[in-house]
Amino acid sequence: MAHHRASGARSTPCPRSGSPCAAALRRLRAPMRAFVPTLFSFAAALCAQVPDPGQPPAAPFAPGITYDARIPPLELVTGHAFGAEISAHADVVQYLHALAAAAPDRMQLVEYGTSWEGRRLWYAIVGTPANVQRLPKIREGMQRLADPRGLADAEADALVKDLPAVGWLANCVHGDEPSGTDAALLVLYHLLAAQNDPVAAKVLQECVVLVDPLQNPDGRDRFYHSTRAARGRWPDATPLGAEHSQPWPGGRVNHALFDMNRDWFAMTQPETQARVRAFLDWWPLVYVDLHEMGGNSSYYFAPPAAPVHQEISAGQRGWLQRYGQNNARWFDRFGFDYFTREAYDSFYPGYGEGWPTFHGSVGMTFEMGSARGLVYRRKDDSLLFYRDGVHRHFVASMSTLETLANGRDEALRSFLQHRRAGVARGETGPVKAYVFPDRGDRTRLTRLMNLLLAQGIEVQQAKGELQAAACKPLLGGEAGTVAFAAGSYVVAMAQPASTLAHVLLQPHFDMDPGFLDEQKRREQRRRDTEFYDLTAWALPLLFGVESFACGELPRGELQKLRAGDAGAGLGSVREQPPAVAYVVAWGQNGAAAMLADLLRVGVKARCIDKAFTLAGTEFPAGSYVVKVHDQPADLHARMRELAKAHGVVPFCADSSWVDKGPNFGTNAGLVLKVPRVAVAWDRPVNANSAGWLRYLLEQRYGVPVTPLRTHELARVELDRFTVLVLPESAGAGYAAVLGKGGADAIKGFVERGGVLVTFGSASRWLMDKDVALLASEAEARQKPKDDPKHDKPKDADPQQQGDKPAAAADKPFDYETAIRPDKETPPNTPGAILAVTIDPDHWLGFGYRGSASVVHDSSNIFTPVKLDRGTNVAIYATGDQLVRAGFVWDESRRQLPQKAYLVHQPHGRGHVVAFAEDPNVRAFADGLNLLLLNAVLLTAGR
Ligand SMILES: [Zn+2]
């Protein structure tokens, strides 16, 4: 008997779907029908979702294998067999516990975190009883290899000999890619119950297997309920049937609408934070992230497509090949189609395959064509079943574990080698340390340092002054000897995590020249390019902090920090309340968070629009004054608490006399309103864009956000809000959903004093002539003739050309010109980091000194507005200042300089604040938060 099927063994007659239903019906139909008609109709109703036509293929998952009856198969616990139904989070948890209870000596469950919606995150550890008993020792051993400093060769050899290979299978980070989860449950069952499988035996002998069946439980349950609710009598294979077409926002994202397969180094989400902590506990040698892709595709596994990041070592590439080849062997055995080296690259470090790889693991993405429900009709008319996905992910998982088991000692040595090479980079590499001077926005700086620490990168802090030679500022300039004040932070490269540190801190990495040439060729022919994700992500740029790459290790006394240490004790207020006011300098993210908290609890504050000097201290424009009179009674206690929480040091003014600049009562000031923010929600809104905004405002800055369904915007009393945000859109865009009614409602809101904030495609919509809220223009692609360099052929003689204009008939046919489209959008920039110049006199630019780094990830090029229509608060920088990191097409480099990034346009009594790009991308660009907060906190009421 092959796959253990337990039909008939359960007390409930009919599981939620699958063949046992049919069997139950048949049994009832025969002799009992006449006697128990009600029971029959009850069973028929329960069994209504029997697939018809098209039963899932009944081929066993593991042919020829028998299973230990003491280990329960899924059906016994949840009512559905493996692959017969999509398991919801509750099913998964129930089954994990049933397995752990059945084999407590071989399986342990670890609750490693909680999702936003309170669902528990679990991983299972499976191994031999001996290994399960010594798990703490194994974890210790892996941590010793992960930090091999001072590890003698003999000790290393002993560890390699002794340690099992830790492998990690992670599933369903995208909640609507569900088959991996059920495959994971099958892997666990197989490892615990298979009785005659030499592969499973070898895996258990050589490995400790960590299985996270469900990384995104909130997204999965959202998907599960939408597909289950749309199902009728039979599962429907129609690709656009409601079972397969998800309501907004879909199940891919987590509760906060983030793509968690981009979040690994930004660590904005609780699920990611928990996962990173778990990873750093175990240092798995292989980390597989199992996904699903479009239903017409087959299966993808390693090796990845180009570009592969240069910091992925030859050794790791060898392993990718090795894992891929063994998967191929298994897929051939089953006759499964697959592809490698196409579509899925390995460049961005925020993927579940990337981040572990830069830490020395071998990270891989697997992708299965998705039935996005129980059954899906492919273009070739064949049926793809959910069970097919479960089967392929199961085979790929077992095959991966087999490769790891067969190469246990080599895999351990490769990992050790990677961590040792990390230390050696600090001795031999051109950069010995990245140094971050303790100045500028300390709340941003310390958040960045804690972020590095939280992902296993060592950070030290200077106890006294530091001196370092050959230090080059991040934003360019000559290298030289620099003195850094006490408190500055140092990320030394002589550490095991230097690869990841380098990948996150160095601004730019070139892609394969061959890959880039191919993309240029494709772009010239207007074919889709193959950039998969952003091409730049440098954290110092995104955070807008100063940093230096130093060719020598800084000299001076340094102190090691632990996660959370950076910035401890940064904020404070003196014990004695001030006689007149607290004054908080603008320009720190913490000051904005503090302001939002103060306004929310009814404290009154006033923003001063010009710089001033108070008792010798300079305050930039935008700084706010909290006077002590006419305020809540506990103001001082609150100020002290919030200053501490946000790392801010408010100035205590005992006199209102300023030395220079406007007084507190100046006309160049604004009484700040409590922000009441609404955001457009639901189609056509880009779920990520809406999620990033809401997460930043609510979770990071304490500004409540009311989401409003887009199709109801025309009916909502918008005047209840001070700010309305239209995030990026997808698909048909705002015009189709809002219509004239929606546009008029939004216009009326602005006319009556509202603040409208728009990102990217939403800003484009404002330019529609029917909307006319933004006097900018989305530029078309420049034709070569618009570009002076392309004006004439290089060898043409201008004299001759002027003298003798050639007759049209004499000109040879110019094929390239003839096929060029008349009007087309500029080429899409694949997520580069560009510089913008910021107008420091406009309140939307308060807190910035001249420039900022922005992520440009679109084909948007917006003409600046004219002086009589508004202000171009931020424009793209010129010349070689423009591109700070990443890939930008030559023609965009020519077209982007001085085009609008952020426009303010007054309209009626209100304001339009239009961004050409989403400033909140992935909520990892802390350096841009003030642009958003200036719009949200400092604009209403002007
Ligand atoms: Zn995915």
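Some notes on this structure:
- A protection proxy built from the mean count of other Cβ atoms within 10 Å ranks the segments 610-620, 267-277, 827-837, most packed first, as 827-837, 267-277, 610-620.
- Above-threshold pairs, the threshold being 30 Å between Cα atoms, out of K379/K769; K472/K660; K644/K747; K660/K866; K202/K379; K627/K660: K379/K769; K472/K660; K644/K747; K660/K866; K202/K379
- q = 0.14, 0.17, 0.18, 0.25 Å⁻¹, region 876-942: log10 I(q)/I(0) [Debye, one scatterer per Cα]: -0.56, -0.77, -0.83, -1.17
- Cα-based helix-to-principal-axis angle, 513-524 vs the chain, degrees rounded to 10: 80 degrees
- With θ taken as phi - 60° and the Karplus curve 6.51 cos²θ - 1.76 cosθ + 1.60 applied, the whole-hertz 3J(HN,Hα) list for region 574-589 is 4, 5, 7, x, x, 6, 10, 6, 9, 10, 10, 5, 7, x, 10, 4 Hz, x standing for glycine and proline.
- Average accessible surface for the chain: 39 Å² per residue, computed with a 1.4 Å probe over protein heavy atoms with every protein chain in place.
- Convex hull (Cα only) mean projected area of region 227-382, reported in nm² to one decimal: 10.8 nm²
- Ordering of 500-513, 919-932 by burial proxy (mean other Cβ atoms within 10 Å per residue, highest first): 919-932, 500-513
- Spin-label zone in region 379-420 - amide nitrogen under 16 Å from a point set 7 Å from the Cα of E140 along the C-beta vector: none
- Rounded to the nearest 500, the helix-only mean residue ellipticity at 222 nm of the chain stands at -10000 deg cm²/dmol, with each DSSP H run of n ≥ 4 adding -39,500 (n - 2.57).
- Rounded if a/c under 1.5, otherwise prolate or oblate - region 103-165, Cα gyration tensor axes: oblate
- Projected area averaged over orientations for region 171-300, convex hull of C-alpha atoms, nm²: 10.1 nm²
- Between D810 and T825, the contour length at 0.36 nm per residue exceeds the alpha carbon distance by 2.2 nm.
- Debye intensity ratio I(q)/I(0), log10, region 566-686, q values 0.11, 0.20 Å⁻¹ (C-alpha model): -0.38, -1.11
- Counting only Cβ charges, +1 for Lys and Arg and -1 for Asp and Glu, the dipole size of the chain around its Cα centre is about 1700 debye.
- Cα convex hull of region 679-781, projected area averaged across orientations, nm²: 6.7 nm²
- The accessible surface of the chain, taken with every protein chain in place and a 1.4 Å probe, is 50 percent carbon and sulfur.
- Shown in residue order for region 668-673 are the 3J(HN,Hα) couplings computed by the Karplus curve 6.51 cos²θ - 1.76 cosθ + 1.60 at θ = phi - 60°: 7, x, 8, 6, 7, 8 Hz (x for Gly and Pro).
- Stretch gain in nm, segment D744-T817, where the contour uses 0.36 nm per residue and the Cα spacing is subtracted: 22.1 nm
- Förster radius 51 Å - calculated FRET efficiency between R120 and D630 (Cβ-Cβ, nearest 0.05): 0.60
- Here the simple spin-label model places points 7 Å from the Cα toward Cβ, and for K866 and E342 these points are separated by 5.2 nm.
- Between helix 734-751 and the chain there is an angle of about 30 degrees, using the helix long axis and the longest principal axis of the Cα atoms.
- For the chain, the relative contact order is 10 percent, taking Cα pairs closer than 8 Å that sit 6 or more residues apart in sequence and dividing their mean separation by the residue count.
- Amide proton proximity set for D68, modelled H, under 5 Å, gap of 5+: A194, Q195
- Here the Karplus curve 6.51 cos²θ - 1.76 cosθ + 1.60, taken at θ = phi - 60°, turns the phi angles of region 607-612 into couplings of 9, 9, 7, 10, 5, 8 Hz, with x standing for Gly and Pro.
- Using alpha-carbon coordinates, inclination of helix 135-146 to the longest axis of the chain, degrees: 50 degrees
- Length added when fully stretched, S572-R527, from 0.36 nm per residue minus Cα-Cα: 10.5 nm
- Charge dipole (region 307-439, unit charges on Cβ, about Cα centre) - positive-most of A433, F394, A328: A433
- Convex hull volume per residue for region 462-564, taking Cα atoms only, in Å³: 148 Å³
- Protection proxy ranking of 879-891, 539-551 - average other beta-carbon atoms within 10 Å, highest first: 539-551, 879-891
- A cut-off of 5 Å between modelled amide H atoms, ignoring neighbours fewer than 5 places along the same chain, links D438 with A485, S488, Y489.
- Remark: spin-label model distance D105-D438 equals 5.6 nm, labels positioned 7 Å along the Cα→Cβ axis.
- If R0 equals 60 Å, the separation of the Cβ atoms of A69 and A732 corresponds to a calculated FRET efficiency of about 0.60.
- Pairwise alpha-carbon distances in region 450-497 exceed 15 Å for 56% of all pairs.
- With the convex hull drawn around the C-alpha atoms of the chain, the volume per residue stands at 216 Å³.
- Cβ-Cβ FRET estimate between L516 and A668, R0 fixed at 60 Å, reported to 0.05: 0.75
- Each label point was placed 7 Å from the Cα along the Cα-to-Cβ direction; for E698 and R277 their separation is 2.2 nm.
- Database remark: amide H of V628 closer than 5 angstrom to the amide H of A581, Y582 (H placed geometrically; neighbours at sequence offset of 5 or more, or on other chains; Pro and chain starts carry no H).
The values are calculated or read from the model by the stated rules, or taken from the named source; none is laboratory data. Bear in mind the structure is a predicted one, so any value in this text is a computation, not a measurement. FYI the Cβ positions are ideal-geometry reconstructions off the backbone, even for glycines, and counts take in every protein chain you see. Surface areas here come from the heavy atoms of the whole protein model, side chains and all, with no ligands, DNA or RNA. Shrake-Rupley method; radii C 1.70, N 1.55, O 1.52, S 1.80 Å.
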